[in-house]
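Beneath this line is the structure, given in structure tokens, with notes to follow.
The values are calculated or read from the model by the stated rules, or taken from the named source; none is laboratory data. None of these values were measured; they are calculated from a predicted model. As a convention, Cβ positions derive from the backbone with ideal geometry for all residues, glycine included, and neighbour counts pool all protein chains shown.
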Amino acid sequence: MSRFFAGGSDSDDSSSDEDLYGSGSESGSDFSQDEQDGGDDNDDDMSDDSMFADDSDDDSDDDEDLGGKGASYFLKSSTVADSDDEEDTGKKTVLSAKDKLLAELANCSKLIDNGKRINDWVLIQGEFDKLNKAMERFTKQRHGLPPKVYIQCIVELEEFLNTQLEDKAGIKKMNASNSRAFNTVKQRVRKNNKEYEAAIAKYSSGGDVAEEEEEENKEDKPKPRAKDEFVLTAPSQASNEEFTTVGKAGKALVSPTDMFKTLKTVLESRGKKNTDREDQVRQLENLLPSASTVYQKISVYTMLVSTRLDLSSASAALAPENWLKVVGDLNDLLSILEENIDTYHVIETAPEIEDVEKGPVAREDGVKLIPGSVASLVERVDDEFTKALQFMDPHTTEYVDRLRDETKLYQTLLRVQMYIEHVSDEKDTLGLARILVRRVDHLYFKPNNVINMTEQIAWGGVKGDSKATPRPTEKDLTSSTYPTTLISNMCSVLYKQSNTVFRTKAMLAHVYHYALNDEYYKARDMFLMSHLQSSIASAEPQLQVLFNRTLVQLGLCAFRSGLIAEAQQSLQEVCSSPRLKELLGQGLAKYAQAGVVDKQRVLPFHTHINLELLECVFLCSSLLMEIPFMAAHNTSIDAKKKVISKLFRRMLDYHERQVFCGPPENTRDHIMQAAKALQRGDWEAARDLVCAIKIWSLLPNPEAIKAMLTDKLQIEGLRTYLFTYWNHYSTLSLSTLADMFQLPVKDVAAIVAKMIAQEELPGSLDQKTNSVVFTQAVQQTKLQQLAVALSDKVIQLAERNERLVAGGYQFDKMTQPQKRKTQRAR
Amino acid sequence: MTTTRVCIDSSVALKIVRHCQESAPSIVAGQLLGLDVDGELRISHAFAFPQNAAGGNPNSDDGLSLRLKAVAKYQPEMIDHLKEVNVDSNSVGWYQSTVLGRIYNASVIENLAVFQEKNPDSVVLVYDVAGSEVVSDTDPSSTGPQGHTTTTPSGFNLRAFRLSEEYLNVRKSGKFDTATLTENNLTYHDVLVELPVEIKNSNLATLLLYQLGQQYPNSPFAESSFSNLNVSVDPFLEKNIEAIFDSVDDFHYDQGNYNYYQRQMTREQAKITQWQQKRKAENAAREKDGRPALPTDEWKRLFKLPTEPSRQDNLLISAQLNEHCSVIEEFGAAVNSKLFATQGGLL
């Protein structure tokens, strides 16, 4: 049985679902021929932007049917023989189900009447519930207005309730369960009756609300939909004769009417289950050659692109062939649009077209507006591409092959951008921003030469120029400043958007780009000025991931620039987290049940930041910070509490606990052994170990990085040495130190002077002998340290006691002397 | 009438010391048997509880639980056997080892309460392993000519404790809130009452010791001992201070709780006052209109005052702190004079 008939009648929802499978293909093919009601409806649908919005697949099918078109079309078709049979059976079910419900309603109301007579509220409550349930089913199946029986029943019930309420004595006499039921019914009736206020009003004004309707419906068996809101009048003849026009290739050319009909069918079935999308794509492809006017072409292409995109599902990406076809179609569409840029504009804000077949009416300046959004199409194409990459194994050649398609996509983006710039208002930059965000997404993580290359290819295949991002000259494409200018240009448009997502994204991408190009201070200042760190926690996950990526990139940038402390600080939070991968959008939570949404958040592999490099940089920075720090504080009593990087400490502890240390194998081993060497003051060994790490080669200039690290190791080695061993010396010549750490004497003097100035080292510089003179302070014994610590603790305790005496508040002698008296003694 | 003194047979004292010393640092315990005679509790016998049952972790603050199944079975059996060989079979408490006088914990108090319920004369004999170590080379059983000596905190450290009347009263009431404590006049000073401990030798043993001291004037049996000159200060103080650290932390925590309670309390009371004033105003208005006044004590139903946290922990921690401090004080008094002596070359 076709669901279109059953739609109005099925008393059982699940069965209608099953039926769908049977009817899918049939209805699909039938529709192409059997539709014949003209433009009015097509009109609505074409203008409906829902093709770009997410269609909710899960809408109950019953609702859709009641929308009525599908069913009505089918009913009017006289071509398919067996559908007539179905029609009959279908109608029978309609009546029986409806009748059954009506009978049930009547029965319930009768029982309620009985209940009223004997004042049995428990019975009334039960029956009232049943009544409402039946009514619910009734409305669900859309039999129309509430039946008279029902309205009558609830009105009478309310009246009865009101009379009962006045009879206070009667209420008191009721037993417990009865009065409880009475109250429940009272509340429910009031609530319920509000919903049917209109019907009740009608009823009480004397009119027979649904009664006539019912009667009429029953008489109207041949045209059960007559009363439907969406009724379509004047069913025309089957349009078989239209199929006579034959094109050159011998293919049947489709008439414009049929073409739009097909488009409409496709549009309607979008987002529904059980539609054969491939079939629809084929139909649309067949339509292409017969599309003669520009308007038709544009209509077919827009539909084709979005239908093709529908071939993908949430859990699987579009197949590469299909994707390429989509891009091809989209480019064709763009070509058409570009050719006819003076006559046709596809724009989101366009008014609905009056007559779908004739096309839009021209504006005063001769431009015809077609509602639609090229930006949305290209956005979806882009999404599909990202999705495809997400689902692919990044270590295969296919991935690389697929990645090559990015240039095509980028080029299309550029074309769309230029088109939108041309078509849309100066002021309305939203469409432009949407495209620019995509472009920025494709570029921000790439090094300059790659950006230049991408740009070159993209502009190579495109004519025209863009205001937001002017066409680069030959010289531009080889210069290293062009990418920065390009990104700045794009971001400046995005900054003007009112939507914060655009601004945030642009800001982060911009900072990321700067950080990638070693402009640490510029990047940091922008980052800090954006104040994103205060609001990012409430942003959507993708933005948070971008934030983390930017932060990490900033840290890496600081490291490359030799700003160790800054690098450590930036990386600290993200790198110490056990969920590093998740934070950077490069993997999923380990044991969590990853849903489709979570998977979609994972970035495609080629955008990833190398985690091993990240760890290496972080540990190196931590090493350079932590080792001197540890040496400086190892004597104090709360040494354990002062830690710069907990992660590093933990690793170092673990390393120290090992009984036997083999030669270093991985990055971490190298760094830990270097840390031990540095602790001993053996900076050369530390340098060798750190420089032996292979992963430095991933950085743009490994030799410079190694030189920088050596430099830092010398300095920190010197500091560590002084912290660790100063109390064994009374004087220490600067030249000896300079020899030991192979630093110029001047540098050593500077470092030592700084340490003395910061009171890290007790001593003074002797200019005459060029040496450090240490003042050997009297060391505190453990007992003394303990005593000092204890006195601190006791002071705290005393303060707290005072507060306790003051009644839980900070005791303030000046302002609340009276308070003390009022409090009880402890 | 309860006893006011404790008298231990020297052999029992030695047995206790040996048991505690040998199993240090784990905490051990044992049963005391004896009689009360003329207000004096005479402890004539002791036996150790099984180690696995009584062996507490020295680091845990909980002390040990004596009411384990194994002990509950072992104890009466052992007493029965001893009865057969004509030993006093009257339980008068238990002994246990401790480190740095950490006896103020819930389990000790709880056990003692149970013992005292059965026999009001029960005591706990505490042997402080760490306290005794400091001057461990002092002869623990050096006795005066009379054959009696009272023990001192420094050196041989064996002390007897019993729960005070006040504490027992509070305990009976079941509430450890400030009101009850004030009512019963219970402060942290008198949770436990210390009883003087005497060690009694048999006359023959006293005679022997005296004779040995006469015969070998330089032997440990002689009265004078060079160990009194020991001036090692730090280790003992360090340990004590560390112990104080722990107690202070506990105290902080407890105070925090109480602080919180106080804040809640003031808040609730402010609300109640507000409510009462409102009610008063309302009543005044009603009176004017000639309507009956609303009840003014409804707040008892409307508001729920927070319950005061138990003050028992606070009591115990305070007592413990006090204990530590007094140990340090006594130790300091002794050591100070020694240090002055060394400085002035008085010896």
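Of all residues in the range B:281-298, those that are basic (Lys, Arg) and surrounded by 10 or more Cβ atoms within 10 Å (Cβ to Cβ) total 2. Note on the range B:152-197: residues that are in contact with a helix residue (DSSP H, G or I) (Cβ under 8 Å, 6 or more places away or on another chain) and part of a helix (DSSP H, G or I) total 11. Taking every residue in the range B:81-100 that is closer than 17 Å to B:VAL6 by Cβ and pairing it with any residue that is part of a strand (DSSP E or B) and of a type in the set (S, T, N, Q), at least 6 positions away or on another chain, the pairs with Cβ-Cβ distances below 7 Å are B:ASP88/B:SER44; B:SER91/B:GLN31; B:TRP94/B:GLN31.
Looking at the structure I just gave you, is A:PHE660 over 28 Å from A:ASP739 (Cα atoms) and either surrounded by 15 or more Cβ atoms within 10 Å (Cβ to Cβ) or in contact with a Ser or Thr (Cβ under 6 Å, 6 or more places away or on another chain) (or both)? No, not satisfied.
Looking only at the range A:631-643, count every residue that is assigned to a helix (DSSP H, G or I) and either out of contact with any Ser or Thr (no Cβ under 8 Å at 6 or more places or on another chain) or modelled with pLDDT under 80 (or both) and tell me the total. Talk me through it step by step, then tell me what you get.
Initially, the range A:631-643 is screened for residues assigned to a helix (DSSP H, G or I), giving A:631-633.
Adding the requirement that they be either out of contact with any Ser or Thr (no Cβ under 8 Å at 6 or more places or on another chain) or modelled with pLDDT under 80 (or both) leaves A:632-633.
Summing the residues that are assigned to a helix (DSSP H, G or I) and either out of contact with any Ser or Thr (no Cβ under 8 Å at 6 or more places or on another chain) or modelled with pLDDT under 80 (or both) in the range A:631-643 gives 2.
Give me the pairs, please: first residue somewhere in the range A:295-312 and more than 15 Å from A:ASN340 (Cα to Cα), second residue anywhere and polar (S, T, N, Q) and surrounded by 22 or more Cβ atoms within 10 Å (Cβ to Cβ), beta-carbon distance under 8 Å, and either six or more positions apart or on two chains. That search, which allows pairs on different chains as well, returns A:THR307/A:GLN280.
Within the range B:1-17, being without any contact (Cβ under 8 Å) to a residue 60 or more places away in the chain, closer than 23 Å to B:PRO76 by Cα and not hydroxyl-bearing (Ser, Thr, Tyr) holds for B:VAL12, B:LYS15.
Has the range A:503-512 got at least one residue that is surrounded by fewer than 20 Cβ atoms within 10 Å (Cβ to Cβ) and either of a type outside the set (S, T, N, Q) or without any contact (Cβ under 8 Å) to a residue 12 or more places away in the chain (or both)? Break it down into steps so the answer makes sense when it comes.
Applying the first criterion (surrounded by fewer than 20 Cβ atoms within 10 Å (Cβ to Cβ)) to the range A:503-512 yields A:503.
Next, only the ones that are either of a type outside the set (S, T, N, Q) or without any contact (Cβ under 8 Å) to a residue 12 or more places away in the chain (or both) stay: A:503.
Yes, the range A:503-512 contains at least one residue that is surrounded by fewer than 20 Cβ atoms within 10 Å (Cβ to Cβ) and either of a type outside the set (S, T, N, Q) or without any contact (Cβ under 8 Å) to a residue 12 or more places away in the chain (or both).
Of these, A:GLN796, A:GLN784, A:GLN780, A:GLN810, which one is in a loop (DSSP other than H, G, I, E, B), within 14 Å of chain B (Cβ to nearest Cβ), closer than 30 Å to B:PHE236 by Cα and modelled with pLDDT under 90?
Numbers: A:GLN796 fails: in a loop (DSSP other than H, G, I, E, B); A:GLN784 fails: in a loop (DSSP other than H, G, I, E, B); A:GLN810 fails: closer than 30 Å to B:PHE236 by Cα.
Just one listed residue meets the conditions, A:GLN780.
So for the range A:710-720 (the condition being closer than 27 Å to A:ILE609 by Cβ, of a type in the set (Lys, Arg), part of a helix (DSSP H, G or I) and at pLDDT below 90), does at least one residue qualify? No; the residues of the range A:710-720 include none that is closer than 27 Å to A:ILE609 by Cβ, of a type in the set (Lys, Arg), part of a helix (DSSP H, G or I) and at pLDDT below 90. Looking across the range A:566-585, the residues that are hydroxyl-bearing (Ser, Thr, Tyr) and either surrounded by fewer than 24 Cβ atoms within 10 Å (Cβ to Cβ) or over 17 Å from A:LEU623 (Cα atoms) (or both) come down to A:SER576, A:SER577. Could you list, in sequence order, all residues of the range A:755-772 that are within 16 Å of A:SER733 (Cα to Cα) and either touching a residue at least 40 places away in the same chain (Cβ under 8 Å) or under 53 Å from the mean Cα position of the chain (by Cα) (or both)? A:MET755, A:SER771, A:VAL772, listed by residue number.
Tell me, which helices (runs of 4 or more DSSP H) lie completely within the range B:198-313 with 3 or more residues that are within 14 Å of another protein chain (Cβ to nearest Cβ), at pLDDT 80 or above and under 30 Å from A:GLN796 (Cβ atoms)?
On the way: elements: B:203-215, B:234-289, B:299-302.
The helices (runs of 4 or more DSSP H) meeting that bar are B:234-289.
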